Amino acid sequence: MIAMIPARLGSKRISKKNIRYMIDKPLIQYPIELAVNSGLFESILVNSESEELGRVAETMGAKFHKRPPELATDTATNRDFTYEFCKKHACDYVIMVNPTSPLLKAETLANFVKFVEISDYDTVLSTISVQAESFYKGEPLNFTFAEKINSQLLEPVDEVIWAITAWRRDKFIENQENGVNPVFGGKVGYFAIPKDESCDLDTLEEWRIAEGILLSRINKQQERYLNL
């Protein structure tokens, strides 16, 4: 089992976000430290087109997988770059740890990996469970207009987060080469993660929210230390 951390240097909405500092360290350092400290992986590789980002990753304990330039454009998808990565690295599972989810905790990653190991899924998606009135194409999805019930009684809607994803390498390659979308390929499982770990940094607003949560965690740790 190997960890893949996808990280382009270029980004449009948050400039060079993977090397931008969040509090006291670059964003890319969060998933690298999480994966390295977990001791769960045979290898940890940052998948990027950027030699600069690759050198930074190597100083933090990860290896560098250089993807082709055509897989670092705005139109390239994780289907494309994960397939290229899988062809180069033999393993049973590829675990994608997303650098845009810096709120992930060690316990959550460990539980996710354990879930992958004891199950027989080809794909495992990280999700959050949302209990709120939801619509699909303008129609109620998990409630009716006939009555208003308390939100805790609603049927949850599972939202895919992409914070952590697992793919069985051989199945991913097989599906891709047979013209089947491998991102949701084979037998698919779902792993719920805590909502306060589920951010995905695409905008500056989301960046500020994540930074605020991290600062709150730091303050709580300091308070516990002072109360010892």
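Every number in this text was worked out from the coordinates using simple rules, so none of it is lab data. Because the structure is predicted, anything quoted here is derived from the model rather than measured. Every residue, glycine as well, gets a Cβ built from its backbone with ideal geometry; the counts of neighbours run over all protein chains shown.
Please rank SER11, SER48, fewest neighbouring Cβ atoms within 10 Å first, as an exposure proxy.
Details: SER11 16, SER48 26.
By the 10 Å Cβ count, ascending: SER11, SER48.
The simple spin-label model puts a point 7 Å past each Cα toward its Cβ; for GLU52 and ALA90 those points are separated by 3.6 nm. Think of the chain as having a plus end and a minus end, set by charges on the Cβ of Lys, Arg, Asp and Glu; of VAL56, ASN98, ILE213, VAL56 sits farthest toward the positive end of this dipole. Does a label point 7 Å from the Cα of VAL130, set along Cα-to-beta-carbon, have any residues of the stretch 186-228 with amide nitrogen under 19 Å, and which are they? So the set is 190-207, 209-210.
Note on Cα Rg over 2.2 N^0.38 Å: of the candidates (1) 1.09; (2) 1.01; (3) 1.19, the value calculated from this structure sits at (1).
In the stretch 2-226, Cα pairs under 8 Å separated by at least six residues give a relative contact order of 22 percent.
3J(HN,Hα) couplings calculated from phi for the stretch 135-146 with the Karplus curve 6.51 cos²θ - 1.76 cosθ + 1.60 (θ = phi - 60°) are, in sequence order, 10, 10, 6, x, 10, x, 9, 10, 7, 10, 6, 5 Hz; Gly and Pro show x. Just checking the listed ones, ALA72, ALA192, ALA146: in the Gaussian network model of the chain with Cα springs under 10 Å, the one fluctuating most is ALA146. Counting only DSSP beta bridges with both residues in the chain, the antiparallel share comes to about 50 percent.
Partner aspartates and glutamates whose Cα lies under 17 Å from the Cα of LYS171, excluding those fewer than 8 positions away in the same chain, are identified as ASP80, GLU84, ASP92, GLU117, ASP120, ASP122. For the pair MET1 and PHE184 in one chain, pulling the backbone fully straight at 0.36 nm per residue adds 64.0 nm over the alpha carbon distance. Of all the options LEU53, LEU40, LEU204, the one that moves most in a Gaussian network model of the chain with Cα springs shorter than 10 angstrom is LEU204.
Compute, for the chain, the length of the dipole vector about the Cα centre, with Cβ point charges of +1 (Lys, Arg) and -1 (Asp, Glu) only. Units Debye, rounded to 20. Numbers along the way, then the final one.
On the way: 27 positive and 33 negative charges, 116 e Å.
Around 560 debye, computed over the chain.
Return the lysines within reach of LYS105: Cα separation strictly under 23 angstrom, same-chain partners fewer than 8 residues apart disregarded; answer none if there are no such residues. Partners found: LYS17, LYS25, LYS63, LYS114, LYS195, LYS220.
Enumerate by residue number the trypsin sites (Lys or Arg not before Pro) in the stretch 82-163 meeting two conditions: DSSP loop (anything except H, G, I, E, B), and at most 13 other Cβ atoms within 10 Å of the site's Cβ. Could you put the intermediate results ahead of the total?
Numbers: sites: LYS87, LYS88, LYS105, LYS114, LYS137, LYS148; in loops: LYS105, LYS137, LYS148.
Answer by residue number: LYS137, LYS148.
With the simple spin-label model, which puts each label point 7 Å out from Cα in the Cβ direction, the PHE64 to LEU141 separation comes to 4.1 nm.
Loop-located chymotrypsin sites (Phe, Trp or Tyr not before Pro) in the stretch 1-85 (DSSP state not H, G, I, E or B) with no more than 10 neighbouring Cβ atoms inside 10 Å do not occur.
Close amide-amide hydrogen proximity is noted between MET22 and LEU27, each under 5 Å apart and 5 or more residues distant or on a separate chain (H modeled in the peptide plane; Pro and chain starts excluded).
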